[in-house]
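The structure appears right after this line, and notes come after that.
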Amino acid sequence: MSTPALEIRQVSKVFVKKERGRARFARVKREKVVALADVSLSVNRREIFGVLGPNGSGKSTLIRLLSTLLIPDKGTIRVFGHDVEKEEFEVKRLINRVSVDAAFFKKFSPLENLTYAARLYGMPMREAREKMRQIMLRLGLKEETFNQPMEHMSRGMQQKVAVARGFLTSPTLLLLDEPTTGLDPHSKRDVQGFVRQIRAEHDATILLTTHDMEEADRLCDRIAIIDEGKIIALDTPEGLKELVSKRNGHDPTLEDVFIELTGKKMEEKEVE
Ligand SMILES: Nc1ncnc2c1ncn2[C@@H]1O[C@H](COP(=O)(O)OP(=O)(O)OP(=O)(O)O)[C@@H](O)[C@H]1O
Ligand SMILES: [Mg+2]
């Protein structure tokens, strides 16, 4: 068996939130938030792997850990066999991350922002320039927007520029944190088609988070559902749907699975 693209073993991450009481000399309260608890999963090469979960369930934390922005409290993460802590440099060369809150120089255009990124990555300029145009066109961005300031672009258009920047270096593992949130149906299809294309043409492995169940169903080979920092189910979309019984003679959708799996837990907690 070849080395998996991603191997996560028993990873935990706890944040400590500091809250100062109202009174001037009140003690600072430290509240622990378990963002991830004992998470293990492995992603194969060329897989499109989805992570679903309610708000605050730990999806972005997982992506930050995979991209070396955070260090796990416990457990190990390997990217193509490289340890994210001990071999950070090798890992950084293999991955790129796109997050919903991507930062840009707002006064500059998409081309200028991507050029800045290409320089930072040390890419040859001629090759980078051609690549930027191709990726942006593929993502459905119009040529006339390439040179206008980012601040004049809609949020969805800016998000597409963020996806374009994420793929500029042709990362072997692309981490996409909610790449299609807030995009119109056409734009969603553009981004989904792009994800499939980079897998097919560049042998890329993609891990993405989404709140769009239909997207996860259509796009992902396998899906992990996480809730309160724990993986509660992991399977192919079909496998997940088999977990939930037919309702009124209708086959369950992935949304039914999500509601049932994440909802059941909440009900159980109430009777505790
Ligand atoms: N830097 C931080 N400091 C303190 N707490 C944090 C930090 N980052 C995340 N958390 C907490 O960890 C938990 C998981 O957050 P995370 O952002 O990973 O959730 P998420 O699944 O990405 O949610 P969403 O769907 O809303 O994007 C939340 O309770 C959040 O408040
Ligand atoms: Mg998030």
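Please treat every number below as a calculation from the coordinates, not as lab data. Since the structure is predicted, the reported quantities are computational estimates derived from the model, not experimental observations. Glycine gets a Cβ as well: all are built from the backbone with ideal geometry, and neighbour counts include every protein chain shown.
With everything on Cα atoms, drop me the angle between helix 110-120 and the longest principal axis of the chain, reported from 0 to 90° to the nearest 10.
Approximately 80 degrees, to the nearest 10.
Any chance you could check the Cα centroid distance between the stretch 80-155 and the stretch 180-202 for me, in angstrom?
Going from one Cα centre to the other spans 16 Å.
Which of the trypsin sites (Lys or Arg not before Pro) found in the stretch 1-74 are loop residues per DSSP with 16 or fewer other Cβ atoms within 10 Å of their Cβ? Spell out each step's value before the answer.
Values: sites: ARG9, LYS13, LYS17, LYS18, ARG20, ARG22, ARG24, ARG27, LYS29, ARG30, LYS32, ARG45, ARG46, LYS59, ARG64, LYS74; in loops: ARG22, ARG24, ARG27, ARG45, ARG46.
Counting only loop positions with at most 16 other Cβ atoms within 10 Å, the trypsin sites (Lys or Arg not before Pro) in the stretch 1-74 are ARG22, ARG24, ARG27, ARG45, ARG46.
Of LYS32/LYS230; LYS160/LYS188; LYS92/LYS230; LYS13/LYS230; LYS32/LYS92, which pairs sit farther than 18 Å apart, going by alpha carbon to alpha carbon?
Checking Cα-Cα distances, LYS92/LYS230; LYS32/LYS92 exceed 18 Å.
If we count every other residue with Cβ under 10 angstrom of ASP235's Cβ, Lys/Arg +1 and Asp/Glu -1, where does the sum land?
Working: positive: ARG222, LYS241; negative: GLU238, GLU242.
Net charge in that neighbourhood comes out at 0.
Pop out the ³J(HN,Hα) list for the stretch 144-158 in order, Karplus 6.51 cos²θ - 1.76 cosθ + 1.60 with θ = phi - 60°, rounded to Hz; leave Gly and Pro as x.
In residue order, the calculated couplings are 5, 8, 4, 10, 8, x, 4, 5, 8, 9, 5, 4, x, 5, 4 Hz.
Between the stretch 232-254 and the stretch 60-74, what is the C-alpha centre distance in whole Å?
30
Just flag the trypsin sites (Lys or Arg not before Pro) in the stretch 199-233 sitting in loop per DSSP whose Cβ has no more than 11 other Cβ atoms within 10 Å.
none
For LYS18, which aspartates and glutamates qualify as cross-link partners when the Cα separation must be under 17 Å and same-chain residues fewer than eight apart are set aside?
Of all the aspartates and glutamates, those that pass the test against LYS18 - Cα under 17 Å, at least 8 places apart if same chain - are GLU31.
Give the Cα extents of the chain along the principal axes, in whole Å, largest first.
Here the spans come out as 62, 62, 42 Å, largest first.
Rounded, prolate or oblate: which fits the stretch 1-122, taking a ≥ b ≥ c as square roots of the Cα gyration tensor eigenvalues, rounded meaning a/c under 1.5, else prolate when a/b beats b/c?
In terms of gyration-tensor shape, oblate.
For the stretch 122-250, give the magnitude of the charge dipole about the Cα centre (Cβ charges: +1 Lys/Arg, -1 Asp/Glu; no others), in debye to the nearest 20.
Working: 19 positive and 21 negative charges, 63 e Å.
Rounded to the nearest 20 debye, it is 300 debye.
Which chymotrypsin sites (Phe, Trp or Tyr not before Pro) in the stretch 24-84 sit in a loop by DSSP (not H, G, I, E or B) and have at most 13 other Cβ atoms within 10 Å of their own Cβ?
Passing sites in the stretch 24-84 are PHE25.
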